[in-house]
Number of protein chains: 2
Amino acid sequence: MSGFRHVAMFGWVEGTTTLQQQEIADRLRELPGVIPEIQAYSVGVNAGVNPGNYDFVVVADFADREAYLAYRDHPAHRAVVDQYIDPLVARRAAIQYDLE
Amino acid sequence: MSGFRHVAMFGWVEGTTTLQQQEIADRLRELPGVIPEIQAYSVGVNAGVNPGNYDFVVVADFADREAYLAYRDHPAHRAVVDQYIDPLVARRAAIQYDLE
């Protein structure tokens, strides 16, 4: 499989509710219907297996780097980040890489 | 798609070489041949698109949580972590989640 993958993990601020987290997941899951560059999109909540984990993750696949950048900078994506994610983020980890 | 996904990102200590990183990738990529519980295994190096990114990522898919735990605790996996990864890790971010 070739392509370009974006992975972002988030740890939420203390007091973040499961309802808030669910709303973020719901908003993100609307993006593949709005941003055609998204080829695959997986949103997940920490299963609680290991201590120290992050709370939330997005794994998104694109044809190439340019398609990822279209997603990154798309107004619909920015709106979710600005309105729902950023106010609750305590820590974030991200990477993008070429799929082989 | 159902299943259980493990994602781990690493940032290496200063001075880590691309050769060392490549050796880690090579060792990890041997694991699907040794640990039958691994259904899909993707190893990637930061593409350098965004500042602040982690350096390296593993995305691994399993049938369920138990299959992931078999991988996590498998001697072949532990050997790579202990001998190649741990000595170079400056920061690590991880999550496991149910695939929908």
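The values are calculated or read from the model by the stated rules, or taken from the named source; none is laboratory data. None of these values were measured; they are calculated from a predicted model. Because the Cβ atoms are built from the backbone with ideal geometry, glycine has one as well, and the counts that use them run over all protein chains shown.
List of remarks:
- Residues being surrounded by 15 or more Cβ atoms within 10 Å (Cβ to Cβ) and in a strand (DSSP E or B) - total across region B:86-98: 7
- Which listed residue, of B:V80, B:V49, is touching a strand residue (DSSP E or B) at 6+ places or on another chain (Cβ under 8 Å), among the β-branched types (V, I, T) and either modelled with pLDDT of 95 or more or surrounded by fewer than 18 Cβ atoms within 10 Å (Cβ to Cβ) (or both): B:V49
- Among the residues making up region A:35-79, those that are of a type outside the set (D, E) and in contact with a Ser or Thr (Cβ under 9 Å, 6 or more places away or on another chain) are A:V45, A:V57, A:V58, A:V59, A:A60, A:A63.
- Applying the condition of being among the aromatic types (F, W, Y) and at the interface with another protein chain (Cβ under 8 Å from one of its Cβ atoms) to region B:22-56 and asking which residue is nearest to B:I85 (Cα to Cα) yields B:F56.
- Qualifying residue in region B:38-45 (condition: farther than 19 Å from A:Y97 by Cβ, β-branched (V, I, T) and out of contact with any Gly (no Cβ under 9 Å at 6 or more places or on another chain)): no
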